[in-house]
1. Looking only at the range 272-303, which residues are over 13 Å from the mean Cα position of the chain (by Cα) and surrounded by fewer than 16 Cβ atoms within 10 Å (Cβ to Cβ)?
2. Hey, which of the strands (runs of 3 or more DSSP E) in the range 238-349, taking only ones fully inside, have at least 2 residues that are outside the structural domain of residue 180 (by TED's automatic domain parsing), touching a strand residue (DSSP E or B) at 6+ places or on another chain (Cβ under 7 Å) and closer than 17 Å to residue 155 by Cβ?
3. Specify which of the listed residues (293, 267) is within 30 Å of residue 337 (Cβ to Cβ) and modelled with pLDDT of 95 or more.
4. Quick one: which residue in 114, 99, 126 is more than 21 Å from residue 286 (Cα to Cα), modelled with pLDDT of 55 or more, surrounded by fewer than 17 Cβ atoms within 10 Å (Cβ to Cβ) and not assigned by TED's automatic domain parsing to the domain that holds residue 200?
5. Output the residue which, of all residues in the range 24-77 that are surrounded by fewer than 13 Cβ atoms within 10 Å (Cβ to Cβ), in a helix (DSSP H, G or I) and at pLDDT 75 or above, is nearest to the chain's Cα centre (by Cα).
6. For the range 196-221, give me each residue that is surrounded by fewer than 17 Cβ atoms within 10 Å (Cβ to Cβ) and at pLDDT below 95.
7. Could you check, for the range 249-259, whether at least one of its residues is within 25 Å of residue 184 (Cβ to Cβ) and touching a residue at least 12 places away in the same chain (Cβ under 8 Å)?
8. State all residues of the range 127-174 that are within 20 Å of residue 187 (Cβ to Cβ) and in contact (Cβ under 8 Å) with a residue 40 or more places away in the chain; if no residue qualifies, say none.
């Protein structure tokens, strides 16, 4: 599974866990049930995520017995319910009379969060640790000087692997973002690879960003020769200072832009600069500075475009600032899960 597929699965699982919590909180809300049925029917990946969410919740021992609630892996609509049955009946949490309700809820949320981290996040991180030469954690940045004198600035939640040989120098970006200051050496080209994109230079500075949704390269100084991944269906070309290219990893669509050179890799100074970026992608960048997940429930909001400069020293405040123009809100479901949605008409702060 590549990073794009992995990110898609994690997103769906987070959405499923959010639905599970909301259905348990308001089991008789017809609008909520209708929304859940619509989400579940969207595609097989949603149904698979729902089954995983139920499996996780069952491991906590929080589900009632099958006699009192439908606890198999799909909603009644996927099991062939009759017209007389409700379209979706939420799972009920087993009563524990010896524990206060708030304590039970907090304990369940903490256990669920731990399982989610273990099952979904730990395995990919372990794989990166095995493959990477240099790795950073949430909100962490690192400066690495290579043997040839080149410097790599590694962004938060990022990983690279290096290869130095007599005829060329190489770095592979495995995850996240890195800014490269390449020492001149005409006899040994410096090659950076990231999911099919290849940038070749002899002495320059540029930024490469890799996420589940997109791949981008921006040149701060000098010239970079770029070979694009097959999905982009684009010829090799040279890029110069102030030029940026972004590639959608699913469709292969490319977007070129001119950006101020002083804004390229400004994350090194603790700021995130986005220019005409999809809100989903911008939130994904902020997520590298926040613990847990942030999910978006509305497709219109995901595809809206954002431009701005945001302070990474306070990522939660940056997230709210990013959403302000779209009349959207953030709901902290658990310490590890944030849900972003458009504000309902008539809602107040």
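The values are calculated or read from the model by the stated rules, or taken from the named source; none is laboratory data. All of these numbers come straight from a predicted model, not from anything done at the bench. Neighbour counts are summed over all protein chains in view; Cβ atoms, including those assigned to glycine, are modelled from backbone coordinates with ideal geometry.
1. Matches in the range 272-303: 276, 298, 299, 300, 303.
2. Working: elements: 243-248, 254-258, 271-278, 293-296, 305-311, 328-334, 337-342.
Where strands (runs of 3 or more DSSP E) fall fully within the range 238-349 and carry at least 2 residues being outside the structural domain of residue 180 (by TED's automatic domain parsing), touching a strand residue (DSSP E or B) at 6+ places or on another chain (Cβ under 7 Å) and closer than 17 Å to residue 155 by Cβ, they are 271-278, 305-311.
3. On the way: 293 fails: modelled with pLDDT of 95 or more.
From the options 293, 267, the qualifying one is 267.
4. Details: 114 fails: modelled with pLDDT of 55 or more; 99 fails: modelled with pLDDT of 55 or more.
After ruling out the rest, the residue left standing is 126.
5. It comes out as 44.
6. Passing the criteria: 196, 203.
7. Narrowing the range 249-259 to residues within 25 Å of residue 184 (Cβ to Cβ): 259.
From the residues that got through so far, the ones that are touching a residue at least 12 places away in the same chain (Cβ under 8 Å) too are 259.
Yes, because at least one residue in the range 249-259 is within 25 Å of residue 184 (Cβ to Cβ) and touching a residue at least 12 places away in the same chain (Cβ under 8 Å).
8. 148, 150 - these are the residues of the range 127-174 that are within 20 Å of residue 187 (Cβ to Cβ) and in contact (Cβ under 8 Å) with a residue 40 or more places away in the chain.
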